[in-house]
Amino acid sequence: MKLAVSSGKGGTGKSMMAANLAFTLAKIEEVTLVDCDVEEPNLHLFFPAPVTTRDVTVLVPAVNESLCNHCGKCGEFCQYGALTVLPDRVLFFPELCHSCGGCSLVCPKAAIHEEPKRVGTLSTSFPLRGLKLITGTLDTGSPLAVPVIRAAKEEAAHDPVVIFDTAPGTSCPVVEALDGCDACILVTESTPFGLHDLQLAVDVTARLGMPVGVVINRSDGKDEETIRFCTDLDLDIMMTIPFDREIAAIQSRGDILCRVQPEWQKDFHALFCKCQSLAGVER
Ligand code: SF4
Ligand code: SF4
């Protein structure tokens, strides 16, 4: 079972949901939690533990000027403007390169070879019995979130139960994290921004053909607009968490709601069972 926890709007409590789901499930089975919000990973704050870390690299071109005749073919090929061919040298702008490898293929002089370039790291820890946490972290200044997310997902590819905490929004890193998941929880809040961004997120998951359920977080009881939207689209509101001072305090301490208030565990377990039904996964 591969389950994504996502949200159109940032700050809705998506990571809190993922952390509590993982905490609850780890009590009964092996679960892997993957932090795919690689520009701002935060799940390790809920689960401090020693980590092992390795680099994530991509291949970028390196030009051998002694073989190059400055024909310009590589620069014409590169759709990202990462190569500019001058009469006497080739300029490479690594921050624009998407590592497609095409320039080395079109070079008639075999003057381009590929070299690894670090774009981020992958950290793995085992903070609780039954729980593996994989954290992708994008290097500062690197624009390539997708390869780090891909590496984090590959690290968990053979694990039986995986929860992916995506970045907020609907951009490429979110689509990469969602791709291949069996189902998705969309966490929202009943504000105009929350509803607007929920609509965008639902659109993305629909295009991916992914079953979706909704969780309303920080509900003040005035959820009519969100309920109407979900009813119109036949989306199940699988859980509602109230706007509550004590829950906010637990969150702000970096603690887990289900640890401090264990009565929540049955709700999170029920939520996971609903997700399994949504995905058509048998227990
Ligand atoms: S395609 Fe090859 S030979 Fe032509 S400019 Fe680029 S590196 Fe040089
Ligand atoms: S690998 Fe692709 S994106 Fe990078 S410089 Fe070559 S053609 Fe451009």
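The values are calculated or read from the model by the stated rules, or taken from the named source; none is laboratory data. This structure is a prediction, so every number in the text was calculated from the model and none was measured. In this analysis, Cβ positions are derived from the backbone assuming ideal geometry, glycine residues included, and neighbour counts consider all displayed protein chains. Calculation scope for accessible area: heavy atoms of the full protein, side chains included, ligands and nucleic acids excluded. Shrake-Rupley method; radii C 1.70, N 1.55, O 1.52, S 1.80 Å.
Structure notes:
- Whichever residue in segment 51-72 is open to solvent by less than 30 Å² (accessible area, probe 1.4 Å) and assigned to a strand (DSSP E or B) and, among such residues, is farthest from ligand 1 (Cβ to nearest atom): Val56
- Exactly one residue among Leu198, Leu186 is surrounded by 24 or more Cβ atoms within 10 Å (Cβ to Cβ), closer than 24 Å to Asp232 by Cβ and in contact with a helix residue (DSSP H, G or I) (Cβ under 6 Å, 6 or more places away or on another chain), and that residue is Leu186.
- Tally, over segment 102-148, of residues that are exposed (fewer than 13 other Cβ atoms within 10 Å of the Cβ) and either among the small types (Gly, Ala, Ser) or free of Cβ contacts under 8 Å to residues at least 40 places away in the same chain (or both): 5
- Cβ pairs under 7 Å, 6+ apart, first in segment 69-82 and in contact (Cβ under 8 Å) with a residue 40 or more places away in the chain, second more than 7 Å from ligand 2 (Cβ to nearest atom) and open to solvent by 40 Å² or more (accessible area, probe 1.4 Å): Asn69/Lys109
Every residue, every condition in (1) outside any loop (DSSP other than H, G, I, E, B); (2) within 16 Å of ligand 1 (Cβ to nearest atom); (3) at pLDDT 95 or above; (4) within 25 Å of Pro41 (Cβ to Cβ), yes or no:
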{"site": "Cys74", "(1), (2), (3), (4)": "yes, yes, yes, no"}
{"site": "Gln79", "(1), (2), (3), (4)": "no, yes, yes, no"}
{"site": "Lys109", "(1), (2), (3), (4)": "no, yes, yes, no"}
{"site": "Glu115", "(1), (2), (3), (4)": "yes, yes, yes, no"}
{"site": "Pro127", "(1), (2), (3), (4)": "yes, no, yes, yes"}
{"site": "Thr137", "(1), (2), (3), (4)": "yes, no, yes, yes"}
{"site": "Ser142", "(1), (2), (3), (4)": "no, no, no, yes"}
{"site": "Lys153", "(1), (2), (3), (4)": "yes, no, yes, yes"}
{"site": "Pro168", "(1), (2), (3), (4)": "no, no, no, yes"}
